[in-house]
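I have placed the structure first, in the form of structure tokens, so that the comments after it can refer back to it.
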Amino acid sequence: MAFDTYELFDLDVRLELSTRPEQRVGSDELWDRAEEKLARALEDQGLQYELNPGDGAFYGPKIDMHMTDSLGRSWQLGTVQLDYSMPERFELGYTGADNSEHRPVMIHRALFGSYERFIGIMIEHYGGELPVWLAPVQAIVLPVSDRFNDYAQHVTETLHEQEVRVELDARSESIARKIRDAELRKLPYMLVVGERERSAGAVSVREHHGGDLGTLATADFSRRLQGEL
């Protein structure tokens with residue numbers, strides 16, 4: 001699940017196996033068993049990992065997942081911890097298929113850490129230029145003058161109905177200023193509309209950093225965006 005999750009963000013992760021710290025709970029026998037289980041899980045799947053002695057949680061060893069961001073900094077993203085100690089301390093039990101009492105094993109898993117921290121890492125990693133699927137605003141409609149606001153509103157509503165996250169910039173500013181402001185916001189797509197676009201039922205598409213992509217019917221732009229997603 002961790003690898004599938006990080007792949008969505010095009011993140012390469014490296015693994016660390018963190019073993020028993022000096023201050024810990026549980027017997028050495030439990031720690032031996034837990035560390036052996038995690039090491040075997042990694043090796044059985046052919047996963048490369050580094051050993052990080054003494055950095056486990058006080059209740060069990062763990063596999064930590066790290067990424068390197070676009071600035072070359074390393075961040076721990078997620079962790080999977082194997083805990084024999086807490087079920088023992090809380091005297092947890094269950095009845096197995098053999099009708100005998102057994103002690104469960106607890107797995108602590110956090111793939112993101114806190115969402116706030118993960119979002120902060122992502123914003124810095126992408127330099128604010130979030131992928132289209134992740135961007136809070138995927139496109140902005142820019143009428144070249146006030147007299148095209150009605151058509152721009154129609155385009156905005158049409159795209160919104162097709163589940164595009166879209167905004168309308170109806171300010172009485174020059175189109176150059178609107179484009180500049182949208183570029184500074186690092187919005188993926190800018191849809192310029194004027195007389196030609198209104199007559200054709202279309203939009204002129206500009207991509208952030210990609211420049212002019214030509215004129216597309218509103219429905220064609222929506223299909224293009226859905227294909228990209």
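The values are calculated or read from the model by the stated rules, or taken from the named source; none is laboratory data. Being a predicted model, the structure only gives us computed values, none of them experimental. Cβ: placed from backbone, ideal geometry, glycine included. Neighbour counts: every protein chain shown.
Things worth noting here:
- Flag for Val155 being more than 27 Å from the chain's Cα centre (by Cα), assigned to a strand (DSSP E or B) and outside the structural domain of Leu8 (by TED's automatic domain parsing): no
- Every pair of residues 6+ apart whose Cβ atoms lie under 6 Å, when the first sits in region 23-39 and is in contact (Cβ under 8 Å) with a residue 24 or more places away in the chain and assigned by TED's automatic domain parsing to the domain that holds Gly54 while the second is crowded, with 19+ Cβ neighbours inside 10 Å and in a helix (DSSP H, G or I): Val25/Ser85; Gly26/Ser85
- Considering (1) touching a residue at least 12 places away in the same chain (Cβ under 8 Å); (2) out of contact with any helix residue (DSSP H, G or I) (no Cβ under 8 Å at 6 or more places or on another chain); (3) under 26 Å from Leu8 (Cα atoms), the lone condition that Glu161 does not fulfil carries the number (1).
- Residue under evaluation Asp69, criteria (1) at pLDDT 95 or above; (2) over 23 Å from Glu35 (Cβ atoms), criterion not met: (1)
- Where a residue in region 128-142 is in contact (Cβ under 8 Å) with a residue 12 or more places away in the chain and its partner, wherever it lies, is surrounded by 19 or more Cβ atoms within 10 Å (Cβ to Cβ) and among the small types (Gly, Ala, Ser), with Cβ under 6 Å and at least six apart: Ile140/Ala182; Val141/Ala152
- The listed residue being at pLDDT 90 or above, among the acidic types (Asp, Glu) and more than 30 Å from Ser27 (Cα to Cα), out of Glu163, Glu124, Glu91: Glu163
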